[in-house]
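A short worksheet on the structure shown next.
The values are calculated or read from the model by the stated rules, or taken from the named source; none is laboratory data. Keep in mind that this is a model prediction, so the values were computed, not measured. Glycine gets a Cβ as well: all are built from the backbone with ideal geometry, and neighbour counts include every protein chain shown. For accessibility, only protein heavy atoms count, side chains too; no ligands or nucleic acids. Shrake-Rupley method; radii C 1.70, N 1.55, O 1.52, S 1.80 Å.
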Amino acid sequence: MTTREKSETKRLPMMPIRDVVIFPHMMTPFVVGRESSVRALEEALAGEKKIFLATQHDASVDEPRPDEIYSVGTIANIVQSLKLSDGNIKVLVEGSERAKVVSVSTEDGYFRATVKTYAGKLDAGVSLESLTNRVTTLFEQYVKLSQNLNYETMIATIKVDDPGKLADTVGANLQLTIEEKQELLEIFDPIDRLTRVAEMLDIEIEKLSVDRTIQGRVKRQMERAQKEYYLNEKIKAIQKELGRGEKSEYDDLKKKIETAGMTADALEKAMTELKRLEQMPPMSAESTVSRNYLDWLLAVPWKQKTHEIRDLKFAREVLESDHYGLEKIKERILEFLAVRRLVKNPKGSILCFVGPPGVGKTSLGMSIAKATGRKFVRLSLGGVRDEAEIRGHRRTYIGALPGQVIQMMKKAGTKNPVFMLDEIDKMSTDFRGDPSAALLEVLDPAQNDKFMDHYLDVDYDLSEVLFVATANVMHTIPAPLQDRMEVIRLSGYTELEKAEIARRFLISKQKTATGLSEIQVDFTPEGVSTLIQGYTRESGVRNLEREIGNICRKVARKVVEASVDDEPDVIAKGGELVAEAAAKPAKKGKKAKAAAEAAEVTLVESKLPPVAVTPQSLLEMLGPPRFRDTQASKKNDIGATVGLAWTEVGGSILTTEVTVMEGRGKLTLTGKLGDVMQESAQAAMSYVRSRANSLGLARDFYRNLDIHLHVPEGAIPKDGPSAGITIATSMCSALTNIPVRGDIAMTGEITVRGKVLPIGGLKEKMLAAHRQGIFELVLPKDNEKDLHDIPEMIRKEMKLHFVESMDEVLQIALERAVTPLPIVPPATAQTDAPVSPEDITH
């Protein structure tokens, strides 16, 4: 029984503390950092070194109000204090007695509390002694079960005669919550406090006993304990102790499998794998493999489909807004959508865009996805040389994964995306297999509804996927793979098309990328035309965009440099607008910042006038033109003929030069020519020798002459038969000393009889000539049918000569007509000396 004799009121500095409850007779170190707490501590140190410590309700509150602090706390003596380098104070306190707040006031930035303490007198008796012994026994048992307390130290601390001090000591060392410890602190009566401590000890001992039981069960189940295995087994034992069982995860997997919409074969295989997984130890290697397999089966889309937009008007608007020109491609895409609108379940199409870099092949695939409302995924095949990249690895291999096709389908999340196979011509093969052979099944509409990935090992339907492949050339793609795709060729753009693309897309894109406004830089039509002609020579627009970006960056630098004295600079960092305020009136700075935030673009106030991009300003920004003016080279020259060539990046012009020297009939070919081109040179030489009389040459002209044929840019390999008439024209010009017209270009294969045969790549070659400013061409007669692929604007601007023989070529290409030698009667033509074998060896 307790009898309270007196209470005492004290006025002390008050410090709210977080995440800890300090009991009387308890030594506790902590760090003081809050300004109000530091002031309260300094006030206490200046006085009797006593301070009232009370725990706040919410530890996350930095500056609590008095009503956010518990009303019962502990009066503590400050034993030691140390000021740290960061301004905080490390302090060691010892609780002396509990007290209750009567009132709290704020003085000089800290709390000062009026608290009341209670002192009571205990009547010793049998019940008190029994309760004390019980608490001591329970605490000894608790220490034995706990792994966090030292037995000898704890037993020494509870050898006290004061029941209140015993209760406080035991309560301070129990693993209790802040609320439970605060509850103990608020019990002033020692016997009531001791009774509550005994109840808490009973609960904590029961918890430790259950934990000890769980640990024992886990240890019996473990043979080679590892940390991760031990923790999982412990979780299992806890779940078993709580009666929750171990089947919840597998039930969830089973439900997902049943609702995934798998095929019957895949569903059966998934259920079989799930049963195997249930029987495996959770941390075994086989369990991880099975779980990964099930995760992949559930991750790929089996029934999820994107609603397809089949509105032709909308599709046309999307294609027109994203790309300029490319009418044939757009027509094919609209035809594809029209068929899908009429046919209920059409087979997936496989398109292959072939063309030089920078003409928009990849972006066309994105536009198709946008026009049809489908998801878009892209797989780059450049450098892929392993068949497993397409089909995946079998699960027997460590770290096996599905192939890239299945991985991209998972990424798409639907079974009918637009699937782009980029750079399909760049695949190669090695000892690990041929990936192009694996693509045969993927790209065959008759087979890809049952595509078999080695990892999944079940049929997967790819028939609803719209595959779009891109390539620069076709000859590196195997013929069976070509046969499965509908090839659509994209040739280069004309100069006018490039200018229009720059005006519609590239300039605005680069302005946005460099933070320029519409009024800060102006690309004039003349400037764009000069940029295309003098600084870029390409079939696409990639280099053109790069040069436009280069100009915009130079203009951006001028704008920033001109704004050094202005206020303020608002600079974009990581997509966020950060204002760097200068020492100027705040009103102006706020207006500039608000305008920048409203526009969501980089803003730099400047007095720089708008920069006009003209042919003259291009010289200052980019230097002299990188490509010489073709008009200056259009002079007639002996032995030099302009030919047309096809390359992987589009068409180009190729000058063929022939020079004649005294010698013994040797034909020299230089310029890294391939076998086919060398044979074309030999065929041209045979034609010239056979037509020597009509060309005004002696029949044995070759005996005393050496002919050197050279094609400039000797480091670049060249091959193909289309330079035949170019070579023959150069030879005839050099031998007859008649200049070849410099304003004309030609292409065509030649036979030894002088026939001109058709060639390929006509569109690319004509575009190349147009880019170079050559508007008169000599072409094979049989290529006249290919003119429908040429833009009408190009056909109207160019003068085309279609020829069937070299005689027609020479009449057009040479500056003047050849004067043939008079026909010599057979009798006079005979010589006394017979023809030696050396005369006909070459």
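Just one of (1) more than 24 Å from residue 313 (Cβ to Cβ); (2) out of contact with any helix residue (DSSP H, G or I) (no Cβ under 6 Å at 6 or more places or on another chain) fails for residue 343. It is (1). When we screen 512, 476, 524, 494 for residues that are free of Cβ contacts under 8 Å to residues at least 60 places away in the same chain and more than 24 Å from residue 336 (Cβ to Cβ), the only hit is 476.
Flag: residue 773 does not match the condition of being on the phi > 0 side of the Ramachandran plot and crowded, with 23+ Cβ neighbours inside 10 Å.
Look at the range 156-176: where a residue is more than 19 Å from residue 188 (Cβ to Cβ) and modelled with pLDDT under 80 and a partner is open to solvent by less than 70 Å² (accessible area, probe 1.4 Å) and aromatic (Phe, Trp, Tyr), sitting 6+ places away or on another chain with Cβ atoms under 7 Å, you get 158/139. Residues that are open to solvent by less than 40 Å² (accessible area, probe 1.4 Å) and not in a helix (DSSP H, G or I) within the range 789-799 comprise 790, 791, 798, listed in sequence order.
Taken over the range 481-521, the criterion of being open to solvent by 20 Å² or more (accessible area, probe 1.4 Å), within 15 Å of residue 351 (Cα to Cα) and either among the β-branched types (Val, Ile, Thr) or part of a helix (DSSP H, G or I) (or both) is satisfied by 482, 483, 487.
Here is a yes/no grid of residues against (1) surrounded by fewer than 16 Cβ atoms within 10 Å (Cβ to Cβ); (2) part of a helix (DSSP H, G or I); (3) over 57 Å from the mean Cα position of the chain (by Cα):
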position	(1), (2), (3)
7	yes, no, yes
13	no, no, yes
22	no, no, no
31	yes, no, no
43	no, yes, yes
51	no, no, yes
55	no, no, no
60	yes, no, no
63	yes, no, no
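Filtering the range 461-490 to residues that are out of contact with any Cys (no Cβ under 6 Å at 6 or more places or on another chain), within 20 Å of residue 334 (Cα to Cα) and of a type outside the set (Lys, Arg) leaves 463, 464, 465, 466, 467, 468, 470, 486, 488, 490. Got at least one residue in the range 540-548 being outside any helix (DSSP H, G or I), closer than 30 Å to residue 797 by Cα, modelled with pLDDT of 85 or more and within 29 Å of the chain's Cα centre (by Cα)? The answer is yes; a qualifying residue exists.
Conditions tested, residue by residue: (1) in contact with a strand residue (DSSP E or B) (Cβ under 8 Å, 6 or more places away or on another chain); (2) farther than 23 Å from residue 354 by Cβ; (3) among the acidic types (Asp, Glu).
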{"position": "484", "(1), (2), (3)": "yes, no, no"}
{"position": "526", "(1), (2), (3)": "no, yes, yes"}
{"position": "540", "(1), (2), (3)": "yes, no, no"}
{"position": "545", "(1), (2), (3)": "no, no, yes"}
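Residues that are basic (Lys, Arg), farther than 25 Å from residue 697 by Cα and open to solvent by 10 Å² or more (accessible area, probe 1.4 Å) within the range 716-766 comprise 718, 763, listed in sequence order. Within the range 550-584, if we keep just the residues that are crowded, with 17+ Cβ neighbours inside 10 Å and among the small types (Gly, Ala, Ser), the residue that is modelled with the lowest pLDDT turns out to be 579. Among the candidates 299, 338, 315, the residue that is open to solvent by less than 50 Å² (accessible area, probe 1.4 Å), more than 30 Å from the chain's Cα centre (by Cα) and of a type in the set (A, V, I, L, M, F, W, C) is uniquely 338.
Filtering the range 388-420 to residues that are at pLDDT 90 or above, under 18 Å from residue 351 (Cβ atoms) and either part of a loop (DSSP other than H, G, I, E, B) or open to solvent by 10 Å² or more (accessible area, probe 1.4 Å) (or both) leaves 408, 417. Among the criteria (1) over 41 Å from the mean Cα position of the chain (by Cα); (2) under 25 Å from residue 763 (Cα atoms); (3) modelled with pLDDT of 90 or more, the one residue 644 does not fulfil is (1). If the condition is being open to solvent by 40 Å² or more (accessible area, probe 1.4 Å) and under 60 Å from the mean Cα position of the chain (by Cα), then the range 694-711 contributes 708, 710. Total residues in the range 250-268 satisfying the condition of being open to solvent by less than 80 Å² (accessible area, probe 1.4 Å) and either without any contact (Cβ under 8 Å) to a residue 60 or more places away in the chain or in contact with a helix residue (DSSP H, G or I) (Cβ under 8 Å, 6 or more places away or on another chain) (or both): the figure is 9. Taken together, the residues in the range 800-824 that are open to solvent by 40 Å² or more (accessible area, probe 1.4 Å) and among the small types (Gly, Ala, Ser) amount to 1. Kindly establish whether residue 423 is open to solvent by 10 Å² or more (accessible area, probe 1.4 Å), farther than 30 Å from residue 317 by Cβ, free of Cβ contacts under 8 Å to residues at least 60 places away in the same chain and of a type in the set (D, E, K, R). No: the conditions fail for residue 423.
Evaluate the following for residue 662: is it touching a Pro at 6+ places or on another chain (Cβ under 9 Å), open to solvent by 50 Å² or more (accessible area, probe 1.4 Å) and among the acidic types (Asp, Glu)? When the stated conditions are applied, residue 662 does not pass them.
The sole residue among 490, 466 that is at pLDDT below 85 and among the aliphatic types (A, V, I, L, M) is 490.
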